[in-house]
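A.B. asks: What follows is a structure written as structure tokens; I'll ask about it next.
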Amino acid sequence: MGQTPHKIQCRCGQLEGELTSTVGAMHLACYCRDCQAYAHALGNPGQVLDELGGTDVIATLQHRLRFTKGADSLACLMLSRQGVLRWYASCCNTPIGNTARDPRLSYIGLVHTCMGMPAADLDKEFGTNRVVVNKKDARKPKRDASSASALFAIWRIIGSVVWARLNGSWKKSPFFQPGSTRPVAAPRVLSQEEREQAYEAVLPAK
Ligand SMILES: [Zn+2]
Ligand SMILES: [Zn+2]
């Protein structure tokens, strides 16, 4: 954990970039049905989801990320019109990260598939213990991470988002046109049929 950049890349190597600082980054795992449906929509659930349907993400801020190669393969999917922007590399359908539609909320959840290491090694790299969110949708009850530590982690992220908004660093996001709220790639919303298929593929919680 520190100022050392962490390399970001898609599976095929066409898209490359770096997380310029890992300070304040946090390892989360989200078990919500939306994240699970997204993995099915991209057609690679086995590479994205853990055995209980969780997606490991590194929560950080968008301005800490920059793309150094192949940024034109960055594409954006929304499960529905109300959804978050789910960024992926269109060359090989590798999930990259999820952002809000409003760039002033400068949070990004970088999906582990672009971090170049097994999800299990992220704790060592980021010096935090994985915090589980939305565990009610896990395929079996999850009992790690107390809700107090999850709450603390989430408040820490909210604090850094508020700070990035106040000091203007949200404007340096590589996902939005400079100084505007326009995403660099037009988001594609799943059709009703695609959406139904993706959610039907999600295994029910027990
Ligand atoms: Zn690729
Ligand atoms: Zn989720």
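Yes/no matrix, rows are residues, columns are (1) at pLDDT 95 or above; (2) surrounded by 22 or more Cβ atoms within 10 Å (Cβ to Cβ); (3) within 13 Å of ligand 2 (Cβ to nearest atom):
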site	(1), (2), (3)
Gln62	yes, yes, no
Leu65	yes, yes, no
Thr68	yes, no, no
Met78	yes, no, no
Leu85	yes, no, no
Tyr88	yes, yes, no
Pro95	yes, yes, yes
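A.B. asks: Moving on. What about Arg130, is it surrounded by fewer than 15 Cβ atoms within 10 Å (Cβ to Cβ) and in contact (Cβ under 8 Å) with a residue 40 or more places away in the chain?
C.D. replies: In short, no.
A.B. asks: Of all residues in segment 5-60 being closer than 22 Å to Ala153 by Cα, polar (S, T, N, Q) and in a strand (DSSP E or B), which is nearest to ligand 1 (Cβ to nearest atom)?
C.D. replies: Per the stated criteria, the residue is Thr55.
A.B. asks: Shifting gears a bit: Tally up the residues in segment 71-94 that are within 11 Å of ligand 1 (Cβ to nearest atom) and either closer than 15 Å to Leu110 by Cβ or touching a Gly at 6+ places or on another chain (Cβ under 8 Å) (or both), please.
C.D. replies: Looking only at that region, the number is 6.
A.B. asks: Here is a further query. Pick from Gly83, Gly159, Gly116: which is at positive phi and not aliphatic (A, V, I, L, M)?
C.D. replies: The conditions single out Gly116.
A.B. asks: OK, next. Can you go through Ala205, Ala164, Ala186 and tell me which one is of a type in the set (A, V, I, L, M, F, W, C), assigned to a loop (DSSP other than H, G, I, E, B) and more than 30 Å from Glu51 (Cα to Cα)?
C.D. replies: Answer to the selection: Ala186.
A.B. asks: Output the residues belonging to segment 125-154 that are within 16 Å of ligand 2 (Cβ to nearest atom), at negative phi, at pLDDT 75 or above and not hydrophobic (A, V, I, L, M, F, W, C).
C.D. replies: Passing the criteria: Arg130, Lys135, Lys136, Asp137, Arg139.
A.B. asks: Restricting the first residue to segment 76-91 and requiring it to be in contact (Cβ under 8 Å) with a residue 40 or more places away in the chain and more than 16 Å from Gln62 (Cα to Cα), which pairs with a second residue that is more than 16 Å from ligand 1 (Cβ to nearest atom) and in a loop (DSSP other than H, G, I, E, B) meet a Cβ separation below 6 Å and a spacing of at least six or different chains?
C.D. replies: Listed pairs, sorted by first residue: Met78/Pro187; Leu79/Leu190.
A.B. asks: Out of all the residues in segment 6-32, which are of a type outside the set (A, V, I, L, M, F, W, C) and surrounded by fewer than 14 Cβ atoms within 10 Å (Cβ to Cβ)?
C.D. replies: Lys7, Gly13
A.B. asks: While we're looking at this one, here's another question. If you take the residues in segment 25-40 that are in contact with a Lys or Arg (Cβ under 7 Å, 6 or more places away or on another chain) and of a type outside the set (A, V, I, L, M), which one is farthest from ligand 2 (Cβ to nearest atom)?
C.D. replies: For segment 25-40, the residue satisfying everything is His27.
A.B. asks: Hey, another quick one. How many residues are small (Gly, Ala, Ser) and within 10 Å of the chain's Cα centre (by Cα) when one looks only at segment 64-107?
C.D. replies: Number of matching residues: 1.
A.B. asks: Residues Arg182, Arg165, Arg195, Arg188: which one is modelled with pLDDT of 95 or more, on the phi < 0 side of the Ramachandran plot and surrounded by 15 or more Cβ atoms within 10 Å (Cβ to Cβ)?
C.D. replies: Going through Arg182, Arg165, Arg195, Arg188 in turn, just one is modelled with pLDDT of 95 or more, on the phi < 0 side of the Ramachandran plot and surrounded by 15 or more Cβ atoms within 10 Å (Cβ to Cβ): Arg195.
The values are calculated or read from the model by the stated rules, or taken from the named source; none is laboratory data. Keep in mind that what you see is a predicted model, and the values were worked out from it rather than measured. Ideal geometry is used to build each Cβ from the backbone, glycine not excepted, and the neighbour counts take in all protein chains shown.
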